[in-house]
Amino acid sequence: MYTRRIMLATGNADKVSELAAMLGTAMKVLGISAFPHIGEIKETGSTFEENALIKARHVAGITGLVSLADDSGIVVDVLAGAPGVYSARYADDWEAKPGENRDARNMRKLLHMMAAVPEVRRSCRFVSCIAAVRPDGTEMTIRGEWEGRVLTAPRGENGFGYDPIFLDAVLNKTAAELSRDEKNARSHRGKALRGLLTRLPTFMAVG
């Protein structure tokens, strides 16, 4: 039985599902879809931390619930950190092919930008910053990173975003070839969430 409700400031059902799986039955995780009047949140920050806080502050202020927001993306060394905070909208300036969704278009652009880059220079990392904000304005942020490299073609059917072209540096599998449990154990978001979970009970207590 759920004893508390907590907001995740995203409309991405995959992220809501991931957080719910890690929190178990202690808390009911709600996404923005539960509050349609929230509307679009402009991510105007220049860092993952800034964007996560913008989203969590906005949602906590509207719902009156402890709110979490994740800002995450892929950081590619040879591209001076791009796509970075623009990962989700990296290829919005590219025309979509017939039947191509946003994730596929983003991957296509990144693979194009990396086409001439040799394997030894394809290092990258997934970065996740989770911000937690209470309605009284108390805040905290947690950061997690996952080291890997960019492949030259997608592999695997699981995951979302850039997962099919991100090769885990240790397991030699793409993020899209991992099960949910394997991914949670390795991923940037999993690391950030585990850090969050150790601090969340105290954070949620009324101070």
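Let's see how each residue does on (1) among the basic types (Lys, Arg); (2) buried (at least 21 other Cβ atoms within 10 Å of the Cβ); (3) over 25 Å from GLU145 (Cβ atoms); (4) touching a residue at least 12 places away in the same chain (Cβ under 8 Å):
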| residue | (1), (2), (3), (4) |
| --- | --- |
| SER72 | no, yes, no, yes |
| GLY81 | no, no, no, no |
| VAL85 | no, yes, no, yes |
| TYR90 | no, yes, no, yes |
| ASP93 | no, no, yes, no |
| ALA96 | no, no, yes, no |
| ASN101 | no, no, yes, no |
| LYS109 | yes, no, no, yes |
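Only a single item in (1) surrounded by 13 or more Cβ atoms within 10 Å (Cβ to Cβ); (2) hydroxyl-bearing (Ser, Thr, Tyr); (3) assigned to a helix (DSSP H, G or I) is not met by THR10, and it is number (3). Just the residues that are in contact with a Lys or Arg (Cβ under 7 Å, 6 or more places away or on another chain) and assigned to a loop (DSSP other than H, G, I, E, B), please, taken from region 44-75. Matches in region 44-75: LEU65, VAL66.
Restricting region 23-43 to residues that are surrounded by 13 or more Cβ atoms within 10 Å (Cβ to Cβ) and in a helix (DSSP H, G or I), the residue that is modelled with the lowest pLDDT is LEU23. Taken over region 60-101, the criterion of being in contact with a strand residue (DSSP E or B) (Cβ under 9 Å, 6 or more places away or on another chain), aromatic (Phe, Trp, Tyr) and either at pLDDT below 95 or farther than 15 Å from GLY45 by Cα (or both) is satisfied by TYR90 alone. Scanning region 160-189 for residues that are without any contact (Cβ under 8 Å) to a residue 12 or more places away in the chain and of a type outside the set (A, V, I, L, M, F, W, C) gives ASN172, ASP181, GLU182. Go through (1) in a helix (DSSP H, G or I); (2) more than 24 Å from ALA176 (Cβ to Cβ) and name the single condition SER17 misses. The number of the failed condition is (2).
Residue-wise test of (1) crowded, with 19+ Cβ neighbours inside 10 Å; (2) among the aromatic types (Phe, Trp, Tyr); (3) under 23 Å from SER87 (Cα atoms).
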residue	(1), (2), (3)
GLY148	yes, no, yes
THR152	no, no, yes
PHE160	no, yes, yes
ASP168	yes, no, yes
LYS173	no, no, yes
LYS183	yes, no, yes
ARG199	no, no, no
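The values are calculated or read from the model by the stated rules, or taken from the named source; none is laboratory data. All figures in this text were calculated on a predicted structure; none of them were measured in a lab. We place every Cβ from the backbone using ideal geometry, glycine too, and count neighbours over all the protein chains shown.
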